[in-house]
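Participant: One structure is given below, represented as structure tokens, and several questions about it will come after.
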Amino acid sequence: MRTFALLLLAAAGMGTPLPAQERPSDTLLTVGRYLDYETVLEPRVSPDGSQVIFTRRSVDKSKDTFESTLWIMSADGGKLRFLTKGSNPVWSPDGTRIAFLMEAEPGGNQLHIRYMDAEGSVTQVTRTMKPPANPSWSPDGKWLGFSMFVAKDPEWKIDLPSAPSGAQWTTAPRIVGSLHYRADRTGYLDDGYTHLFVVPATGGTPRQITRGDWNVGARGSGLPGVVGFAWLPDGKSIIVDGNDAPDAERLYRRSNLYAVDLATGDTRRLTAQEGSWSGPVLSPDGKLIAFTGAPAGAVSYRAEDLYTMNVDGSGMTLRSQGLDRDPGGVTWAPDGKGIYFAAQDRGTSNVWYAALGSAPRQVTTGTHMISAPSVAKSGIAFAVRTNPSLPPDVVRIDLKKPSGMMQITDVNADLLAGTRIGEVEEIWYTSSGGARVQGWLVKPPSFDPSRKYPLILEIHGGPHGMYNVGFNYSFQNFAANGFVVLYTNPRGSTGYGSSFGNAIFRAYPSVDYDDLMAGVDTAIGRGYIDDKRMFVGGCSGGGVLSSWVIGHTDRFAAAAVRCPVIDWLSFAGQTDIPLFTYNFFEKPFWEDPSAWLKQSSLMYVGNVKTPTMLMTGVLDQRTPMPQTEEYYSALKMRGIPAVLLRFENEWHGTSSRPSNWMRTQLYMMSWYNKWGGPKPSVPVGEGR
């Protein structure tokens, strides 16, 4: 396995070097500078390969939101310039226009078209009451397809007497009849379904294509998400993912591919085997559909595979035999002889290629995260890359000579100029049962191995997710304030194969706790960690595990438990993803609650001795506030030092607002400092 140590722009000092916290002339990555941090996503190359459009995301300091704008440049990175506000750009087949989403009347994102000639006029195409999503051009460029929610009229009518003139009666109750009636970052959902629409590219009235009591779009957890669909070459049919089963809302990770006739709306299922099938992408000749998925099975996690089938649903063929990694961002090679995709592997992500009839092979290499590529007919790809010392930027990749990858944007050059970034070291260690686990240590700038440093163990969510080698502003900010940060991928994480990811099935938390503690022991073994000043935190799945950790060991001086699940029984009725919970246990709790209780950290609160700060958004629908309040009240009853922070105007994760992201960092460091962490090294006004 690779070991790396990366340090960006190390500043030269005069005389004997001092720790970073003691050198005010140095520029550190403070909380306040987060307001100037930018990211990029969605690079899209024009059909002729000459230009690239991408989305640039920055902070709107006045509105306390994140703003998305579209930028354009030539294929070599030259002539970089602002294009328009908006996101989700899609080139028309002839390259003369782009479709994109931008906020407009009557509300929310609306579909727009911009002409790419010198005049550059913009036309608003939709004015729908519900926002359209997932725009896609028809092959002839005359139509735009999109998905949109369609409300269903309530069927329950009552004969309420008329209110007297001037009376102020309360509004009618919200009638809930579906299992999934709320969603994080949205709130309570209206009763209805997501369907496909088409609208003339010149503007006009959208026409609904799919109908009925079912949803287009693969819904693994039951919630709305990306709708994958592809036009057939004649423009008369669309291939779309979704699930039309009568009991679809109770089917966990089940979806199919369907062919839809645009003229009649007739829908025909293409995938015969039960499973989770999604993301159809049509080959250049229009004869094959590439898609991803996995057969149904009683597992918590299984790496998906890449498949193809004929457009009539016949000839379904596995194309990623032996990979055991999740393919994402599937796109056909221009000649139609194979398929490019990105796959996450051991904390990294690279581009792969599956030639039809051959095993997949890795195209790019390196310790970085590369997103799904946008491939020009010339074989030149454009993607987003980030590594431990560099934030996300657009790169140009010659897929025939991938070693010559070239970065063509540098959106954080102003922020990083002269900034001292902490060294990131990869570690591997052995845990219980001989499991090999990967992690990373982020060290303070001017790290001195002869000193003793406080340690923060940060735990990722999911639980099926993956910490990676991408630039992490939060961890670098902790390091700039004198902490060593340990982050690991315990069993249950993705990127290491199906067996590793499924190791916590019906036992969460379990061996993942062993892996975290073995990682802490490995860090202590380096000789520079003060084992009396160790801290633990995490959000969501990390909140599950951090609350579990302090119920099973008192080795940490303080904890920051954020947006946790602490009681699986109550959580099943509070969360917007009940399917995940009910499918994680062998039996429902009304048949046997013992496993549900055994895996709940609330049952171990009697063991906790660790001072604990709890942080959750008041709007959180994923791990709602009652979970946090249950744990907090139990800690207070036991006399354990505890504080509860209720984040205003905040959904799941305490970071959807820039100000709340900054508050999260500052409150965590303040809490850790109170219980033995380093004292503040930068004035509060500087944002630390």
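Bear in mind these aren't lab numbers, they're just calculated from the coordinates by the rules spelled out. All of these numbers come straight from a predicted model, not from anything done at the bench. All Cβ positions, glycine included, derive from the backbone under ideal geometry; neighbour counts span all protein chains shown.
Participant: Which value in deg cm²/dmol, rounded to the nearest 500, describes the helix-derived mean residue ellipticity at 222 nm for the chain, given -39,500 (n - 2.57) per DSSP H run of n ≥ 4 and division by the residue count?
Facilitator: After summing the helix terms and dividing by residue count, I get -3500 deg cm²/dmol.
Participant: Follow-up. Between GLN110 and residues 5 or more places away or on another chain, which pairs have amide H atoms under 5 Å apart, with H built 1.01 Å from N, and which residues are they?
Facilitator: For GLN110, whose amide H was placed from the backbone, the distant partners under 5 Å are MET102, GLU103, ALA104.
Participant: Counting Lys and Arg as +1 and Asp and Glu as -1, each charge on the Cβ, what is the dipole of the chain about the Cα centre in debye, to the nearest 20?
Facilitator: I would put it at about 960 debye.
Participant: From the square roots a ≥ b ≥ c of the eigenvalues of the alpha-carbon gyration tensor of region 461-535, which class results: rounded (a/c under 1.5), prolate (a/b over b/c), or oblate?
Facilitator: Because a/c hits 1.5 or more and a/b fails to exceed b/c, region 461-535 counts as oblate.
Participant: Another one. Whose amide H sits under 5 Å from the amide H of SER349, counting only residues 5 or more places off or on another chain, with H placed in the peptide plane?
Facilitator: HIS368, MET369, ILE370
Participant: Taking the Kirkwood radius as the inverse of the mean 1/r across Cα pairs, report the Rg/Rh of region 420-679.
Facilitator: Result for region 420-679 is an Rg/Rh of 0.95.
Participant: Okay, next question. Output needed: percent of Cα pairs per 10 Å distance bin for region 199-326, bins running from 0 to the one holding the longest distance.
Facilitator: 12, 43, 33, 10, 1
Participant: Continuing with the same structure: Quick one: what does P(r) look like for region 267-410 with 10 Å bins over all Cα pairs, in whole %?
Facilitator: 11, 41, 32, 14, 2
Participant: Longer than 20 Å from Cα to Cα, which of LYS85/LYS377; LYS79/LYS400; LYS236/LYS377; LYS79/LYS401; LYS130/LYS152 are they? Say none if no pair is.
Facilitator: Those over the limit are LYS85/LYS377; LYS79/LYS400; LYS236/LYS377; LYS79/LYS401.
Participant: Next question, about the same structure. I need the peptides 497-510, 584-597 ranked by packing, meaning the mean over residues of other C-beta atoms within 10 angstrom, with the highest value on top.
Facilitator: 497-510, 584-597
Participant: Do any trypsin sites (Lys or Arg not before Pro) in region 556-637 lie in a DSSP loop with no more than 16 other beta carbon atoms within 10 Å, and if so, which?
Facilitator: LYS609
Participant: Using only the Cα atoms, work out Rg/Rh for region 293-346, with Rh taken as the Kirkwood radius, to two decimals.
Facilitator: That ratio is 0.99, to two decimals.
Participant: Taking 7 Å along the Cα-to-C-beta vector as the label spot, tell me the ASP266-ASP213 distance in nanometres, rounded to one decimal.
Facilitator: Rounded to a tenth, the inter-label distance reads 2.5 nm.
Participant: Using the Karplus curve 6.51 cos²θ - 1.76 cosθ + 1.60 with θ = phi - 60°, what ³J(HN,Hα) values do you get for each residue of region 390-407, in whole Hz, with x for Gly and Pro?
Facilitator: 10, x, x, 8, 7, 10, 10, 10, 7, 5, 8, 9, x, 5, x, 3, 10, 7
Participant: Principal axes first, then extents: for the Cα atoms of region 100-176, list largest minus smallest coordinate on each axis, whole Å, largest first.
Facilitator: Reported extents, whole Å, longest axis first: 61, 27, 16.
Participant: Still on this model: Does region 384-480 come out rounded, prolate or oblate by the C-alpha gyration tensor, with a ≥ b ≥ c the root eigenvalues, rounded set by a/c under 1.5 and, if not, prolate when a/b is larger than b/c and oblate if not?
Facilitator: oblate
Participant: Another question, then. May I ask you to evaluate 6.51 cos²θ - 1.76 cosθ + 1.60, the Karplus curve with θ = phi - 60°, for each residue of region 53-62 and list the ³J(HN,Hα) values in order in whole Hz, giving x for glycine and proline?
Facilitator: So the J values, rounded to whole Hz, are 10, 9, 8, 10, 10, 9, 8, 8, 5, 6.
Participant: Let me ask something additional. Run the numbers on region 250-323 and let me know its relative contact order in percent, using alpha-carbon pairs under 8 Å that are six or more apart.
Facilitator: 22
Participant: Here is a further query. Between ASP247 and ALA417, what's the calculated FRET efficiency when r is the beta-carbon distance and R0 is 56 Å? Round to 0.05.
Facilitator: According to the calculation, E is roughly 0.45.
Participant: With an 8 Å Cα cut-off and a minimum separation of 6 or more residues, compute the relative contact order for the chain in percent.
Facilitator: It rounds to 11 percent for the chain.
Participant: Considering amide H positions built from the backbone, and no H for Pro or chain starts, which residues 5 or more places from ALA642, or on another chain, come under 5 Å of its amide H?
Facilitator: Here THR612 satisfy the definition.
Participant: While we're looking at this one, here's another question. Take the Cα pairs of the chain, get the Kirkwood Rh, then feed it into Stokes-Einstein at 25 °C and 0.890 mPa s and tell me D in µm²/s.
Facilitator: Once the numbers are plugged in, D ends up at 91 µm²/s.
Participant: OK, next. Evaluate the distance, in nm, between pseudo-label points positioned 7 Å from the Cα of TYR181 and of SER499 along their respective Cα→Cβ axes.
Facilitator: Between TYR181 and SER499, the simple spin-label model gives 4.5 nm.
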